[in-house]
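A short reminder: the numbers here are calculations on the coordinates, not readings from a lab. These numbers come from a predicted model, not from an experiment. Counting neighbours? That spans all protein chains shown, and the Cβs are built from the backbone with ideal geometry, glycine included.
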Amino acid sequence: MILLKESDRPKSLSEKLAEYLARPPQPILRFYGDFKIEESGDKRHIILAVRNGLPLPLLYGIYVRAKYNSSVDYIEKTDHIGPFSVDDWRLTLDTIAPAVVEIVVGIIPFEIMTDRAEITVR
């Protein structure tokens, strides 16, 4: 079983504007920064961020497929993103076995893929 949830708090319009002015504009809905992997007990957490570089709020989806122990888990999360914002996410894997995790972000309702990452967790 895998769990994906947003790990930051909602930001005010002034916080989003300050965040935008502090960083140069980026393309629509891309992964931002590095992926971090944390272990706690019998679980692993992958920390990731998605950035919207447009001045328009976009509805987007994150699709995760994890392969481990000859089984495949799939999860889909649809969220609303504000203009010029970075949303932080925490993906939890209920195993410490080696896994291959594919994460895709895309615009809803057309499911246009804007970025994809494949992470090998050992």
inquiry  = Around Lys77, under 12 Å between beta carbons, what's the net of Lys plus Arg minus Asp minus Glu among the other residues?
reply    = -2
ask   = For the chain: lysine pairs with Cα atoms under 26 Å, gap of 8 or more or different chains, count?
value = 14
remark   = Given backbone amide H placed at 1.01 Å from N, residues whose amide H is under 5 Å from that of Ser85, ignoring those fewer than 5 places away on the same chain, are Asn52
query = Given charges of +1 on the Cβ of Lys and Arg and -1 on the Cβ of Asp and Glu, with all other atoms neutral, how large is the dipole of the chain about its Cα centre, in debye to the nearest 20?
reply = 140
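Could you compute the net charge surrounding Tyr63? Neighbours are other residues with a C-beta less than 13 Å from the C-beta of Tyr63; K and R count +1, D and E count -1.
Taking every Cβ under 13 Å from that of Tyr63, the sum is -4.
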Under-5 Å amide H pairs with Tyr32, H placed in peptide plane, nonlocal only = Ala49, Val50, Arg51
query = So for the range 60-122, Kirkwood radius off the Cα pairs, Stokes-Einstein at 4 °C and 1.567 mPa s: how many µm² s⁻¹?
reply = 101
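Which value in deg cm²/dmol, rounded to the nearest 500, describes the helix-derived mean residue ellipticity at 222 nm for the chain, given -39,500 (n - 2.57) per DSSP H run of n ≥ 4 and division by the residue count?
Rounded to the nearest 500, the figure is -2500 deg cm²/dmol.
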remark   = The base-10 log of I(q)/I(0) that the Debye equation returns for the chain at q = 0.21, 0.23 Å⁻¹, one scatterer per C-alpha, is -1.17, -1.34
query = Taking Cα atoms, how many degrees apart are the long axis of helix 13-22 and the longest axis of the chain, rounded to 10 and kept between 0 and 90?
reply = 80
